[in-house]
Amino acid sequence: MELSRAIRSRMSIRKFTSDPVPREQVAAILELACRAPSAMNTQPWEFVVLTGDVLERIKKENVRLVREQAQSNPDHSAVGWPKDSIFRKRQVDLAKELFRLMDIAREDTDKRQAWTERGFRFFDAPVAVLLCVDSVLQGDGPLLDIGAVMQNICLAAVDLGLGTCIEDQGVMYPDMLREHTGISRDKRIIISIALGYPDWEFPANQLVTPRVEVDECTTWLGKG
């Protein structure tokens, strides 16, 4: 697939089929993703791939913790937008469109709760990839590199006919994740990516999110 087509066709998948993803395909995706640039070639990313019974246990534990309204304590907070900002407005607009597609009324607390739990189940994907960095790497520096490798994972998946969803719900309870995966406390669990074959019949998977025009976010300086 041409790179430009992969970039334009990549989208967040919020329901996957139950079809397993061959291990060699996941490995190929990660191998290609590791060609991402990083500061001084430090390559700070580490992957933990969850499948099968391990993933199912983590899905169930995530849902249990959400239902119990357990306090989350992520190693890295991926959200937080000022209330009256354009960034918050874009997030709200996305939620409204998703709820419209899913026929979830604002006052329907049961459906809203079910939608929330879907995210904590990695949208029922057969594979979840946790992206981690060594705890000696503090600050935001390694997060730039994580972003690059994360994009590569999503594009490589598209090239193989797979879908992804980058989500922080999967890493909101790192203590539970460490219990089920053996991830050391010397590692920071940054983000998760759900991976699998898209269920194109699912309403939310019909959503194509808008993008601002490039001239709205670009300043041109100089002559040439």
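Peptides 95-105, 76-86, 142-152 ranked from most to least packed give 142-152, 95-105, 76-86, packing being the mean of other C-beta atoms within 10 angstrom over each peptide's residues. Pick out which of Asp134, Asp108, Asp124 has the largest mean-square fluctuation in a Gaussian network model of the chain, springs linking Cα atoms closer than 10 Å. Fluctuation is largest for Asp108.
May I ask you to give the percent of accessible area on the stretch 1-137 that is carbon plus sulfur, with a probe radius of 1.4 Å?
Here it works out to 51 percent.
Taking the Cα-to-Cβ direction at Gln71 and at Asn41 and moving 7 Å from each Cα, how far apart do the two end points lie in nm? According to this spin-label approximation, the distance is 4.5 nm. The share of C-alpha pairs in the stretch 164-224 whose separation exceeds 18 Å stands at 63 percent. Per residue, the chain exposes an accessible area of 60 Å² to a 1.4 Å probe, with every protein chain left in place.
Take Thr17, project a point 7 Å from its Cα along the Cβ direction, then tell me which residues of the stretch 172-206 have their backbone nitrogen under 14 Å from it. Counting only backbone N, you get 196-202. Residues considered: Pro210, Pro198, Pro174. Largest GNM mean-square fluctuation over the chain, using C-alpha springs under 10 Å, is found at Pro210. For chymotrypsin sites (Phe, Trp or Tyr not before Pro), the sites in the stretch 122-205 that DSSP calls loop and that have at most 13 other Cβ atoms within 10 Å are Trp200. Normalised by the number of residues in the stretch 71-224, the average gap of Cα pairs under 8 Å and 6 or more apart makes the relative contact order 35 percent. Extent along the principal axes, Cα only, for the stretch 38-164: 51, 41, 35 Å, with the longest axis given first. For the chain, set up a Gaussian network in which alpha carbons nearer than 10 Å are linked by springs, and say which option among Gln69, Gln206, Gln169 fluctuates the most. Of Gln69, Gln206, Gln169, the Gaussian network model singles out Gln69 as fluctuating most.
Whole-Hz Karplus values for the stretch 28-40 come out as 5, 4, 5, 4, 5, 4, 5, 7, 4, x, 8, 4, 6 Hz, taken residue by residue from phi with 6.51 cos²θ - 1.76 cosθ + 1.60 and θ = phi - 60°; glycine and proline positions read x. In the stretch 126-209, a dipole from Cβ-located charges (positive for Lys and Arg, negative for Asp and Glu) runs towards its positive end, and of Gly139, Gln151, Cys165 it is Gly139 whose Cα lies farthest in that direction.
Rounded to the nearest whole Hz, the Karplus-based 3J(HN,Hα) values (6.51 cos²θ - 1.76 cosθ + 1.60, θ = phi - 60°) of the stretch 116-121 follow the sequence 4, 5, 4, x, 6, 9, with x at glycine and proline.
Residues of the stretch 1-39 with an amide N closer than 18 Å to a point placed 7 Å from the Cα of Leu144 along the Cα-to-Cβ direction: 35-39.
Within the stretch 147-193, the trypsin sites (Lys or Arg not before Pro) that combine a DSSP coil assignment with at most 15 other C-beta atoms in a 10 angstrom radius are Arg185. With 25 Å as the limit on Cα-Cα distance, the pairs of Lys15/Lys59; Lys59/Lys83; Lys15/Lys96; Lys60/Lys111 that go past it are Lys59/Lys83.
Note on the stretch 104-215: with charges restricted to the Cβ of Lys and Arg (+1) and Asp and Glu (-1), its dipole about the Cα centre is near 220 debye. For the chain, a crude dipole built from +1 on the beta carbon of Lys and Arg and -1 on the beta carbon of Asp and Glu, taken about the Cα centre, is about 360 debye to the nearest 20. All alpha carbon pair distances within the chain were sorted into 10 Å bins beginning at 0; the resulting P(r) in whole percents reads 7, 29, 38, 21, 4, 1. A Cβ-based charge dipole, computed about the Cα centre of the stretch 13-90 with Lys and Arg at +1 and Asp and Glu at -1, lands at about 540 debye.
On full extension of the chain, what length is gained from Glu201 through Asp53, given 0.36 nm per residue of separation minus the C-alpha to C-alpha distance? Can you show the working numbers first?
Values: separation 148, 0.36 × 148 = 53.28 nm, distance 2.61 nm.
So the chain would gain 50.7 nm between Glu201 and Asp53.
Kindly provide the helix-only [θ] at 222 nm of the chain, computed as the sum of -39,500 (n - 2.57) over DSSP H runs of four or more divided by all residues, to the nearest 500 deg cm²/dmol?
Values: 7 runs with 89 residues, N = 224.
Rounded to the nearest 500, it is -12500 deg cm²/dmol.
Here each label is just a point 7 Å from Cα along the line to Cβ, and for Ile7 and Glu31 those points are 2.6 nm apart. 3J(HN,Hα) along the stretch 159-164: 4, 9, x, 9, x, 9 Hz, from the Karplus curve 6.51 cos²θ - 1.76 cosθ + 1.60 with θ = phi - 60°, whole Hz, x for Gly and Pro.
The values are calculated or read from the model by the stated rules, or taken from the named source; none is laboratory data. This structure is a prediction, so every number in the text was calculated from the model and none was measured. Positions of Cβ are backbone-derived with ideal geometry, glycine not excepted, and every protein chain shown enters the neighbour counts. Ligands, DNA and RNA are excluded from the accessible area calculation, which covers all protein heavy atoms including side chains. Shrake-Rupley method; radii C 1.70, N 1.55, O 1.52, S 1.80 Å.
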